[in-house]
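Trainee: Supplied in structure tokens, the structure appears directly below.
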Amino acid sequence: MSQTITVQPDYNITVSSSDVLKDELLRHIREGAEHIVVDFSQVKIIDSTGLSVLISTHNTIKDKHPLELVNVSDDIKRLLAITRLDKHFQVN
Amino acid sequence: MLMYNVNRTENGLCFEFSSSYIYVDKTVENCVSFVREKCLDISEFDLSVTLHEVLSNAVRHGNKDNPEKKVYCNLYWKDDLLRIEVRDEGKGLPSGDSLKRESGTLEPHGMGMSIIEGFDFECSYVSEKNIVLLKKKVKVHPN
């Protein structure tokens, strides 16, 4: 049975903080998570380093389930569209 | 020793700081406060992400995370034009290298410049001065 994990960062995901998210996501993958949901309700800004963390995570688990992003602001949705990552992640 | 200096000029802000991501965050906050104070009609999100990209790039790829090397940033607004200049103490880009990368692929690198251009900043690299120059037409917010 697929294990779903929700991660809710309470910080902006930029180069100074992205390692925190990376470590948390890697830990869940090591523990067997196959469906990862990242809740963006408290994230106002994400930069390319943060997006890279999401891409690496997605590439690791995508055969089981694409990375899912929820509660994404309109600004971050626009950023995902600019980078065309909205075609790969499941964005809600 | 780590240092962070910011000077206010008539039309903008000048920063000089040691290569540290904490100072990148601080510089972004100061620049956002400046455009808010001037009531400039620019998305704070776009400006914040753009500054994070170009300043982090200077720290990581320019100065190789060496805290003894400095990043210099000027942000100024005049005649409805917002200009951001960022210089580091690295070796600069090899002649002919492009700042632009492809977006849309699932490679976890090389998105920064695509994001900046996606936000309608005009981006150029002055190789002889090792300066990344960003320009965007920005007026005062009508309200």
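The values are calculated or read from the model by the stated rules, or taken from the named source; none is laboratory data. Just so we're clear, the structure is a prediction, and the values are computed from it rather than from any experiment. Every residue, glycine as well, gets a Cβ built from its backbone with ideal geometry; the counts of neighbours run over all protein chains shown.
Trainee: Can A:R78 be described as among the basic types (K, R) and farther than 24 Å from B:S48 by Cα? Outline the logic, then answer.
Mentor: On the way: among the basic types (K, R): yes; farther than 24 Å from B:S48 by Cα: no.
Taking the combined requirement at face value, the residue does not satisfy it.
Trainee: Kindly indicate whether any position in the stretch A:22-43 is touching an Asp or Glu at 6+ places or on another chain (Cβ under 9 Å), assigned to a helix (DSSP H, G or I) and within 14 Å of another protein chain (Cβ to nearest Cβ).
Mentor: no
Trainee: Right, another one. Evaluate the following for A:H35: is it more than 29 Å from B:F119 (Cα to Cα) and of a type outside the set (F, W, Y)?
Mentor: On the way: more than 29 Å from B:F119 (Cα to Cα): yes; of a type outside the set (F, W, Y): yes.
Spelling it out, A:H35 is indeed more than 29 Å from B:F119 (Cα to Cα) and of a type outside the set (F, W, Y).
Trainee: Of all residues in the stretch B:1-55, which are assigned to a loop (DSSP other than H, G, I, E, B), surrounded by fewer than 16 Cβ atoms within 10 Å (Cβ to Cβ) and of a type in the set (G, A, S)?
Mentor: Across the stretch B:1-55, the qualifying residue is only B:S43.
Trainee: When you go through B:S43, B:S18 one by one, which is the residue that is under 30 Å from A:D74 (Cβ atoms) and of a type in the set (S, T, Y)? Give the derivation first.
Mentor: Values: B:S18 fails: under 30 Å from A:D74 (Cβ atoms).
None of the others qualify; the one that does is B:S43.
Trainee: Which of (1) at pLDDT 95 or above; (2) over 12 Å from the mean Cα position of the chain (by Cα) is the odd one out, the single condition A:R84 does not satisfy?
Mentor: That leaves (1) as the condition not met.
Trainee: Another question about this same structure. Can you tell me which residues in the stretch A:50-66 are among the hydroxyl-bearing types (S, T, Y) and at the interface with another protein chain (Cβ under 7 Å from one of its Cβ atoms)? Don't jump to the end; show me each part of the working.
Mentor: Taking the stretch A:50-66 and keeping what is among the hydroxyl-bearing types (S, T, Y), we get A:52, A:56-57, A:60.
Scanning the stretch A:50-66 gives A:S52, A:S56.
Trainee: Residues that are basic (K, R) and more than 13 Å from chain A (Cβ to nearest Cβ): does the stretch B:46-60 have at least one? Working first, answer last.
Mentor: Of all residues in the stretch B:46-60, those basic (K, R) come to B:60.
Within this subset, residues satisfying the condition of being more than 13 Å from chain A (Cβ to nearest Cβ) are none.
Taking every residue of the stretch B:46-60 in turn, none turns out to be basic (K, R) and more than 13 Å from chain A (Cβ to nearest Cβ).
Trainee: Can you tell me which of A:V72, A:V7 is more than 8 Å from chain B (Cβ to nearest Cβ), of a type in the set (V, I, T) and buried (at least 18 other Cβ atoms within 10 Å of the Cβ)?
Mentor: A:V72
Trainee: Cβ contacts < 6 Å: first residue in contact (Cβ under 8 Å) with a residue 60 or more places away in the chain and farther than 27 Å from B:N66 by Cβ, restricted to the stretch B:20-42; second residue part of a helix (DSSP H, G or I) and of a type in the set (V, I, T), any location; separation 6+ or different chain. Result?
Mentor: B:I42/B:V35
Trainee: Name the single residue that is farthest from the chain's Cα centre (by Cα) among those in the stretch A:30-45 being crowded, with 16+ Cβ neighbours inside 10 Å and within 11 Å of A:I61 (Cα to Cα).
Mentor: Of the residues in the stretch A:30-45, the ones crowded, with 16+ Cβ neighbours inside 10 Å are A:33, A:35-40, A:43, A:45.
Pick out the ones that are also within 11 Å of A:I61 (Cα to Cα) and you get A:33, A:35-36.
Numbers: A:A33: 13, A:H35: 11, A:I36: 8 Å.
Result: A:A33.
Trainee: Another question, if that's okay. Do you know which of the residues in the stretch A:63-75 that are free of Cβ contacts under 8 Å to residues at least 60 places away in the same chain and more than 12 Å from the chain's Cα centre (by Cα) is nearest to A:A33 (Cα to Cα)?
Mentor: Here the answer is A:D63.
Trainee: Give the residue, chosen from A:V72, A:V15, that is assigned to a loop (DSSP other than H, G, I, E, B) and in contact with a strand residue (DSSP E or B) (Cβ under 6 Å, 6 or more places away or on another chain). If you could, list the steps in order and put the result at the bottom.
Mentor: Working: A:V15 fails: in contact with a strand residue (DSSP E or B) (Cβ under 6 Å, 6 or more places away or on another chain).
Every option except A:V72 fails the conditions.
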